[in-house]
Amino acid sequence: MNPRELFGDIDIYLFDQLLKGRIAEGMRILDAGCGMGRNLTYFLRSGYPVYAVDRSDEAVQTVRKMGQALAPVWSDDQVRSEPVEKMSFANDRFDVVISCAVLHFAQNETHFQQMVQEMWRVLRPGGLLFIRLATSIGIENKIIPLGDSRYKLPDGSTRFLADEERILKTTERLQGLLMEPLKTVNVAHQRCMTTWCLKKPHILFFDPIEDNTNASDKDLPANHE
């Protein structure tokens, strides 16, 4: 099997987390805002318990087909059509939560924080939150403010852009532990993408809610059970 077939179009910085051993076999993974599943091929093929949410019904159907084709054990309920800021999974459910190119579609600061808080809620203590998002870091003098922390970028797109201060203050508020320094890639001065990796401490933050997963879903393995 060639690497493209095995790994699909996985984000190179998510692949880096694999190489560093932070995403181990058997960990339960959630892709929050999965799109067409570009980051899930390897995890599905390798038998990880994979879950995902996306607002797009088309994206959900695409990822369900991927799961049916690639995963040794699969239930269509593992992929759900719902917003990241209001997910139906129980607290502390996942070992790894992935958020690639999602948070910069926030409508405003409140929406941004709602999405972050919800991903943090479903992440188990000791788990990894992996985020890639467009930021203002490195192109502060090239973006045009539109209000509500939304900006027009040099590439013509409109995005919600966090800056380094907002990211670090959010990390502090969550009592998260940075797994490594923030890393920002400047793409030809047209946009900047930042990698933000957090570990959730072993503290309970949330009141319990009922999980509506079916019995077969709950029977799937996780490394902490």
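The values are calculated or read from the model by the stated rules, or taken from the named source; none is laboratory data. Since we're looking at a predicted model, the values are computed, not measured. Cβ coordinates were reconstructed from backbone atoms using ideal geometry, including for glycine residues, and neighbour counts include every protein chain displayed. Just the protein is used for accessible areas: all its heavy atoms, side chains included, with ligands, DNA and RNA removed. Shrake-Rupley method; radii C 1.70, N 1.55, O 1.52, S 1.80 Å.
Filtered by the rule that a residue be open to solvent by 30 Å² or more (accessible area, probe 1.4 Å) and either closer than 20 Å to Val84 by Cβ or among the aromatic types (Phe, Trp, Tyr) (or both), region 1-32 gives Phe7, Tyr13, Phe15.
Residue-level check: of (1) more than 23 Å from Asn2 (Cβ to Cβ); (2) not in a loop (DSSP other than H, G, I, E, B), Phe15 misses just (1). For Ser99, indicate whether it is on the phi < 0 side of the Ramachandran plot, small (Gly, Ala, Ser) and either open to solvent by 10 Å² or more (accessible area, probe 1.4 Å) or outside any strand (DSSP E or B) (or both). In short, no.
Does Leu178 satisfy the condition of being open to solvent by 60 Å² or more (accessible area, probe 1.4 Å) and touching a helix residue (DSSP H, G or I) at 6+ places or on another chain (Cβ under 9 Å)? So Leu178 passes the test. The single residue among Leu30, Leu6 that is in contact (Cβ under 8 Å) with a residue 24 or more places away in the chain, assigned to a helix (DSSP H, G or I) and at negative phi turns out to be Leu6.
Counting only strands (runs of 3 or more DSSP E) that fall entirely inside region 120-225 and contain at least 1 residues that are at pLDDT 95 or above and under 27 Å from Asp76 (Cα atoms), the qualifying elements are 123-135.
In region 43-57, is there at least one residue being among the polar types (S, T, N, Q), out of contact with any Pro (no Cβ under 6 Å at 6 or more places or on another chain), open to solvent by less than 30 Å² (accessible area, probe 1.4 Å) and closer than 28 Å to Asn2 by Cα? Within region 43-57, none of the residues are among the polar types (S, T, N, Q), out of contact with any Pro (no Cβ under 6 Å at 6 or more places or on another chain), open to solvent by less than 30 Å² (accessible area, probe 1.4 Å) and closer than 28 Å to Asn2 by Cα. A residue that is at positive phi, of a type outside the set (Gly, Ala, Ser), touching a strand residue (DSSP E or B) at 6+ places or on another chain (Cβ under 8 Å) and open to solvent by 20 Å² or more (accessible area, probe 1.4 Å) occurs somewhere in region 138-152.
Quick grid of which residues meet (1) of a type in the set (Gly, Ala, Ser); (2) within 14 Å of the chain's Cα centre (by Cα); (3) buried (at least 22 other Cβ atoms within 10 Å of the Cβ); (4) farther than 15 Å from Leu30 by Cα:
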{"residue": "Pro72", "(1), (2), (3), (4)": "no, no, no, yes"}
{"residue": "Ser88", "(1), (2), (3), (4)": "yes, no, no, no"}
{"residue": "His111", "(1), (2), (3), (4)": "no, no, no, yes"}
{"residue": "Pro125", "(1), (2), (3), (4)": "no, no, no, no"}
{"residue": "Thr158", "(1), (2), (3), (4)": "no, no, no, yes"}
{"residue": "Asp163", "(1), (2), (3), (4)": "no, no, no, yes"}
{"residue": "Thr170", "(1), (2), (3), (4)": "no, no, no, yes"}
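Scanning region 58-85 for residues that are part of a loop (DSSP other than H, G, I, E, B) and under 17 Å from Leu6 (Cα atoms) returns Ala71, Pro72. Just to verify a result, which residue in region 153-180, among those that are in contact with a strand residue (DSSP E or B) (Cβ under 7 Å, 6 or more places away or on another chain) and among the β-branched types (Val, Ile, Thr), is farthest from Ala106 (Cα to Cα)? Restricting to residues being in contact with a strand residue (DSSP E or B) (Cβ under 7 Å, 6 or more places away or on another chain) and among the β-branched types (Val, Ile, Thr), the top hit is Thr171.
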